[in-house]
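Everything below concerns the one structure shown next.
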Amino acid sequence: MSAIESVIDESIQNLQAGMVTKAAQEKQHYTQQVDFAQLKSEVQLVEKNDISLMKAENDRLASDLEKLKGRLREEISRAQAGVRLDLNLEKGRIRDETSMQELKLREVETRIESEMAGLRTAIETAKQNTLQYLVTVATGCAALLMAYLRFRY
């Protein structure tokens, strides 16, 4: 029996070695609750910091975006002003070319009209000379005809 008692005692001691006391279990439970509370507060603190960092970054990005929009507006305004200036210069150049063309056209028209007037004058002179020669020839022929008729009768 003593062998059985010693085996039972040894089994009880082995079982007790693997078990914890209620006080140790409560102490461990309380330590875990404190650790979880501390972890929760750290997570919340990190989350708040992350949120504030994200808000700051978001505000910075919004500010940068507004600056870029302003710069883009300025660039667009400059480009539009440049295009307007180029268009106005081109209009002026076209006006100048048009006035030069009109001036050349008027010069050509004046030259053509003066040449036409000269041709008309030359034609009129030729007509008068032709008429003068015709009258002279007709008069000469008439005189010869009269002289012929006078000597013949």
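The values are calculated or read from the model by the stated rules, or taken from the named source; none is laboratory data. Predicted, not measured: the structure shown is a model, and the values here were computed from it. Keep in mind that these areas ignore ligands, DNA and RNA; they rest on the heavy atoms of the full protein, side chains included. Shrake-Rupley method; radii C 1.70, N 1.55, O 1.52, S 1.80 Å.
Of note:
- Taking every alpha-carbon pair in region 34-153 and binning the separations at 10 Å intervals from zero gives 10, 11, 10, 9, 8, 8, 7, 7, 6, 5, 5, 4, 3, 3, 2, 1, 1, 0 percent.
- The chain - percent of accessible surface contributed by carbon and sulfur, probe 1.4 Å: 62
- In this structure the chain gives 95 Å² per residue of accessible area when probed at 1.4 Å with all protein chains present.
- Residue-by-residue Karplus 3J(HN,Hα) for region 82-95, coefficients 6.51, -1.76, 1.60, Hz, glycine and proline x: x, 5, 4, 4, 4, 5, 5, 5, 5, 4, x, 5, 5, 4
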